[in-house]
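Reviewing the structure listed below.
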Amino acid sequence: MISEKMETALNKQIALEGYASYLYLSMASWCDKEGLEGCAKFMHRQSEEERMHMLKIFYYLSEVDGHALTPAIAQPPHEFDSVKALFEEVYAHEQKVTASIHGLLKIGYEENDHTTLNFLQWYVEEQREEEALMRSILDKLKLIGDGPQSLYYIDMEVEKVNAMA
Ligand code: OFO
């Protein structure tokens, strides 16, 4: 049986993952509009992954006799200043998600909730990977630059990441 405090916090995490899924879907659409096919494909995949992150908590809450709540999701931004600004926003959002996961762990330790702590380990690892991936893309962006001449090369680099996944 899960505590009310943990149930509420996990429902907040569901909402955060759901928002990430919508934000990345919106970013995929913007990339597509800008002709950045590799980036669009990448953001679509990220969006799917975030939906999976959301559902994983959803199923977990049901499994431990909690009540998973379908979140209201705010409309994400539709316009982005540049591809660099877009990836910076992704990175910032991932850092926010990581901080939120750490908040959940804190509650887990306070409550001696080993089951949830164990469940959350997957997210700790996932966030480490996601942050590293976004940092590596931002590093490449710094090298290539994101002026109009560079967009083609940026897109090719992100396409290489797609091919590795
Ligand atoms: Fe699920 O927040 Fe990104 O990975």
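The values are calculated or read from the model by the stated rules, or taken from the named source; none is laboratory data. All values reported here derive from a predicted model rather than from experimental measurement. For neighbour counting, all protein chains shown are included, and Cβ atoms are generated from backbone atoms with ideal geometry for every residue, glycine included.
Of the residues making up region 126-133, at least one is within 16 Å of the ligand (Cβ to nearest atom), touching a residue at least 40 places away in the same chain (Cβ under 8 Å) and not aliphatic (A, V, I, L, M). For region 131-152, the condition holds for no residue, the condition being that it is closer than 20 Å to E50 by Cβ, at pLDDT 95 or above and not in a helix (DSSP H, G or I). Summed over region 97-121, the residues that are polar (S, T, N, Q) and within 14 Å of S3 (Cα to Cα) give a count of 3.
Residues are listed down the side, and each one gets a yes or a no for (1) surrounded by 14 or more Cβ atoms within 10 Å (Cβ to Cβ); (2) among the aromatic types (F, W, Y):
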residue	(1), (2)
E88	yes, no
A99	no, no
G108	yes, no
N112	no, no
W122	no, yes
E130	yes, no
L141	yes, no
I144	yes, no
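Of the set (1) in contact with an Asp or Glu (Cβ under 8 Å, 6 or more places away or on another chain); (2) within 16 Å of the ligand (Cβ to nearest atom); (3) in a loop (DSSP other than H, G, I, E, B), all apply to P71 but (1).
K5 - would you say it is near the ligand (Cβ under 10 Å from one of its atoms) and either among the charged types (D, E, K, R) or surrounded by fewer than 17 Cβ atoms within 10 Å (Cβ to Cβ) (or both)? For K5, the condition - near the ligand (Cβ under 10 Å from one of its atoms) and either among the charged types (D, E, K, R) or surrounded by fewer than 17 Cβ atoms within 10 Å (Cβ to Cβ) (or both) - is not met. Scan region 75-111 for residues that are assigned to a loop (DSSP other than H, G, I, E, B) and within 16 Å of the ligand (Cβ to nearest atom) and the total you get is 1. Exactly one residue out of Y123, Y152 is within 11 Å of the ligand (Cβ to nearest atom), out of contact with any His (no Cβ under 6 Å at 6 or more places or on another chain) and not β-branched (V, I, T), and it is Y123.
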